[in-house]
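The values are calculated or read from the model by the stated rules, or taken from the named source; none is laboratory data. Just so it is clear, the structure is predicted and the values come from calculations on it, not from any experiment. Heads up, the Cβs are rebuilt from the backbone with ideal geometry, glycines too, and the neighbour counts pull from every protein chain shown. SASA here: full protein model, heavy atoms, side chains in, ligands and nucleic acids out. Shrake-Rupley method; radii C 1.70, N 1.55, O 1.52, S 1.80 Å.
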Amino acid sequence: MNLHPVSTFKAPKGTYDLIPPDSAAFLAVREAISAPLRRSGYGYIETPGFENVELFSRGVGESTDIVTKEMYTLTTKGGDELALRPEGTASVLRAALEANLHRGGLPVKLWYSGSYYRYERPQKGRYRHFSQVGAEALGAEDPALDAELIILAHDAYRSLGLRNFRILLNSLGDKECRPAYRAALQDFLRGLDLDDETRRRIDINPLRVLDDKRDAVQQQLVGAPMLRDHLCEACKEYHERVRELLTAAGVAFEDDEKLVRGLDYYTRTTFEFVHDGLGSQSAVGGGGRYDGLSEMIGGPELPSVGWALGVDRTVLALRAEGVELELPAATEVFAVPLGEEARRALFTVVTELRRAGVAADFAYGGKGLKNAMKSANRSGARYAVVAGERDLAEGVVQLKDLESGEQAPVAFDTVVSELLAKRG
Ligand code: AMP
């Protein structure tokens, strides 16, 4: 086999492939994030990878970077205007409304996992194709629901062994108190020395200016009106309840009155999980309440809350902390047959092991003993089952412990039960 020519194609800019062995960590992260959700009444939902473009322009917001700069849009041959999904919430809400889930008991609690696409400037932790696990609780205005979601994300990160993450928490107010605050902030911002693009932002989305990372902007923001001082009583009360519930659950958080986030639909509770080992792309996940989104996309009033955690950045955070996940062995037993008769016999052993739930693999391709043992070691298996014609004639196979190097004959008929017993 000539293995030299490689494909001239590469993964598109800003994307990368998940390949073994590293891909195992991604699966483990998805599993760890979804496990607490599945234990908490969240049902699995899957929506298409693309949607009508208007769902996002209306839902995520015409003024956001995601919609104006980062969406992959396309016109189909039939003339439909579609966009690859840049985030999950709008799609999940669209699907729930379409299926009338909200006419059953509320809240409707859903979780999802999938690929998302944003045309961003690629850098470490920022890709054009990335992976999120998300959760949405639709149709209830209850601080316990906001707290539940934050606690579940916190517990998921902890269960992975992450320690150096922080939770930033803020309230963005609601339709009662935000308009007056927005106007006060606009007045303040109009008096500052800002570039044209930022000036335009004052009109369309002034809260985003608070989030500007540039020092020159931040210095001028000292003394800006803060939403905290403009929250109405109902929002204040709601936020206080969320904070109390988090504290009672032992979940530490930092009040961050500048936390705005890049999507327009948020109201009241907003939060972000940041990891300090990631450099500039430090947000590993985030979310918040979006009480007006359903109406924005033509649905009924449906106050809701949700989050999305980035799988790619969570894996980077694990690496930054040097956390080694305890992954189940990909292969526990590796079969090494010597000769045709042994191949047939050991292949049945491998099938039996697999049916009994043991991860087993086989030296395919007629390899000699040396190469086959190399494959066995590479597989990470603890045991090798080796057999040649003489062994079979004696009704045995050789069971080799690849850790200690010890090897002993075992009756062919009992090798499966023996391996199952060793495994405990
Ligand atoms: P957002 O939908 O922007 O709130 O993002 C939620 C999470 O998704 C972030 O905290 C990141 O972990 C992840 N994420 C968002 N955009 C990207 C990207 N371009 N590349 C990798 N991860 C991303």
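Okay, here's what the table says:
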{"read-out": "Search result, residues across the range 179-209 that are surrounded by 21 or more Cβ atoms within 10 Å (Cβ to Cβ) and either over 32 Å from the mean Cα position of the chain (by Cα) or charged (D, E, K, R) (or both)", "value": "Tyr181, Leu185, Leu189"}
{"read-out": "Scan of the range 299-315 for residues that are surrounded by fewer than 18 Cβ atoms within 10 Å (Cβ to Cβ) and either in contact (Cβ under 8 Å) with a residue 12 or more places away in the chain or more than 19 Å from Leu110 (Cβ to Cβ) (or both), ordered by number", "value": "Gly299, Pro300"}
{"read-out": "Residue among Gly292, Gly279, Gly285 that alone is open to solvent by less than 40 Å² (accessible area, probe 1.4 Å), within 16 Å of the ligand (Cβ to nearest atom) and not polar (S, T, N, Q)", "value": "Gly285"}
{"read-out": "Selection within the range 316-348 - among the β-branched types (Val, Ile, Thr) and surrounded by fewer than 22 Cβ atoms within 10 Å (Cβ to Cβ)", "value": "Val323, Thr331, Thr348"}
{"read-out": "Residue, nearest to the ligand (Cβ to nearest atom), within the range 76-100, restricted to residues that are of a type in the set (Gly, Ala, Ser) and surrounded by 12 or more Cβ atoms within 10 Å (Cβ to Cβ)", "value": "Gly88"}
{"read-out": "Cross-chain or 6+ apart pairs with Cβ under 6 Å, the range 248-277 first and under 24 Å from Gly61 (Cα atoms), then at pLDDT 95 or above and surrounded by fewer than 17 Cβ atoms within 10 Å (Cβ to Cβ)", "value": "Val274/Arg166"}
{"read-out": "Single residue of Gly161, Gly125 found to be within 16 Å of the ligand (Cβ to nearest atom) and at positive phi", "value": "Gly125"}
{"read-out": "Some residue of the range 82-103 being charged (D, E, K, R), out of contact with any Ser or Thr (no Cβ under 9 Å at 6 or more places or on another chain), farther than 27 Å from His239 by Cα and without any contact (Cβ under 8 Å) to a residue 40 or more places away in the chain", "value": "yes"}
{"read-out": "Count - residues of the range 115-128 that are closer than 23 Å to Tyr44 by Cα and surrounded by fewer than 18 Cβ atoms within 10 Å (Cβ to Cβ)", "value": "1"}
{"read-out": "Meets criteria (assigned to a loop (DSSP other than H, G, I, E, B), open to solvent by 10 Å² or more (accessible area, probe 1.4 Å) and not β-branched (Val, Ile, Thr)) for Glu176", "value": "yes"}
{"read-out": "Filter result (touching an Asp or Glu at 6+ places or on another chain (Cβ under 8 Å) and surrounded by 14 or more Cβ atoms within 10 Å (Cβ to Cβ)) within the range 1-25", "value": "Gly14"}
{"read-out": "Selected residue (criterion: nearest to the ligand (Cβ to nearest atom)) from residues of the range 62-75 that are of a type in the set (D, E, K, R) and open to solvent by 60 Å² or more (accessible area, probe 1.4 Å)", "value": "Lys69"}
{"read-out": "Top-ranked residue of the range 129-150 - restricted to ones that are in contact with a helix residue (DSSP H, G or I) (Cβ under 7 Å, 6 or more places away or on another chain) and away from the ligand (no atom under 15 Å from the Cβ), ranked as most open to solvent (accessible area, probe 1.4 Å)", "value": "Ala144"}
{"read-out": "Boolean, Arg30 is assigned by TED's automatic domain parsing to the domain that holds Leu162, away from the ligand (no atom under 15 Å from the Cβ), touching a residue at least 40 places away in the same chain (Cβ under 8 Å) and open to solvent by 20 Å² or more (accessible area, probe 1.4 Å)", "value": "no"}
{"read-out": "Selection count where residues are surrounded by 13 or more Cβ atoms within 10 Å (Cβ to Cβ) and either in contact with a His (Cβ under 8 Å, 6 or more places away or on another chain) or not in a loop (DSSP other than H, G, I, E, B) (or both), scope the range 352-368", "value": "6"}
{"read-out": "Qualifying residue in the range 394-401 (condition: assigned to a loop (DSSP other than H, G, I, E, B) and either within 9 Å of Phe334 (Cα to Cα) or open to solvent by 90 Å² or more (accessible area, probe 1.4 Å) (or both))", "value": "yes"}
{"read-out": "Lone qualifier among Arg85, Arg94, Arg103, Arg128 - being more than 22 Å from the chain's Cα centre (by Cα) and over 24 Å from Arg158 (Cβ atoms)", "value": "Arg103"}
{"read-out": "Of residues in the range 170-190 being free of Cβ contacts under 8 Å to residues at least 24 places away in the same chain and of a type outside the set (S, T, N, Q), the one nearest to Arg243 (Cα to Cα)", "value": "Pro179"}
